[in-house]
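A short worksheet on the structure shown next.
Values quoted throughout were computed directly from the atomic coordinates according to the rules given, and no laboratory measurement underlies them. What you see is a predicted model; the values in this text were computed from it and never measured. No Cβ is skipped: glycine too gets one built from the backbone with ideal geometry, and neighbour counts run over all protein chains shown.
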Amino acid sequence: MKAVHIALGVAAIALTSGAALFGAWCWWRVRTSVWFWRVLRAGQAAVVVEVAWGGLLLITGHKAPSLHELYGVLPLLVSLIAEQLRAAAAQMVMDTRGHRSAEEVGGLPPEEQRVIVLSILQREIAVMTLASIVNVVLLARAAGTA
């Protein structure tokens with residue numbers, strides 16, 4: 001059972017690292033990619049499975065250092081907070097530009113709409129990339145304290 005936990009941890013670190021690197025590249029190049037979101041979600045899913053498996057190990061009597069448990073669970077909290085910030089990105093960008101609603105933005109010329117949409121996507125990618133970087137560090141620390 002412990003070998004499965006290790007394999008899940010490696011997968012979580014690899015997928016989350018991939019999301020962090022690909023997200024940084026997308027942000028730097030001002031590009032969007034469905035693959036960034038797929039890798040990000042796969043990494044998040046791997047973290048959830050890893051935490052669930054770790055919980056199963058604890059229930060069955062395997063003991064781990066408390067720091068390992070803390071570093072292993074914190075990525076869930078970081079991801080949850082990042083998702084909340086990502087969800088607020090659109091409103092933050094529109095507020096910064098003085099727009100009250102999506103309908104108001106819809107009345108702008110197409111080029112201005114595109115600039116606003118790209119700004120929103122840039123902010124979303126930045127938030128999720130930073131969360132991925134933090135999660136990689138936390139997951140690596142969890143592995144190091146096992």
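Roughly how many Å is it from the Cα centre of region 91-131 to that of region 39-63, as a whole number?
Comparing the Cα centres of region 91-131 and region 39-63, I get a distance of 35 Å.
About the Cα centre, and with charges only on the beta carbon of Lys, Arg (+1) and Asp, Glu (-1), how big is the dipole of region 2-144? Nearest 20 debye, please.
Dipole size: approximately 400 debye.
Report, to the nearest 10°, how far helix 66-96 tilts away from the longest principal axis of the Cα atoms in the chain, using its own Cα long axis and a range of 0 to 90°.
Tilt of helix 66-96: around 10 degrees.
What longest region of the chain stays clear of trypsin sites (Lys or Arg not before Pro) that DSSP places outside H, G, I, E and B and that have at most 10 other Cβ atoms within 10 Å?
Free of exposed loop sites, the longest segment is 1-62.
Where the eigenvalues come from the Cα gyration tensor of region 46-113, what are the semi-axes √(5λ) of the equivalent ellipsoid, largest first, in whole Å?
Values for region 46-113, descending: 45, 11, 7 Å.
Go through VAL136, PRO65, LEU121 and say which Cα lies farthest out towards the positive end of the charge dipole of the chain; charges sit on Cβ, +1 for Lys and Arg, -1 for Asp and Glu.
PRO65
Using all Cα-Cα distances in region 1-77, what percent lands in each 10 angstrom bin from 0 up to the longest?
All Cα pairs considered, the percentages come to 19, 44, 24, 11, 2.
Of TRP37, LEU56, ALA89, which is farthest along the charge dipole of region 2-144 in the positive direction, counting Lys and Arg as +1 and Asp and Glu as -1 at C-beta?
LEU56
Beyond 20 Å, what share of the Cα-Cα pairs of region 70-146 remains, rounded to the nearest whole percent?
When all Cα pairs of region 70-146 are counted, 45 percent exceed 20 Å.
What angle, in degrees between 0 and 90 and rounded to the nearest 10, separates the Cα long axis of helix 2-29 from the longest principal axis of the Cα atoms of the chain?
Result, in degrees: 20.
Along the principal axes of its C-alpha atoms, what lengths does the chain span, in descending order and rounded to whole Å?
62, 25, 18
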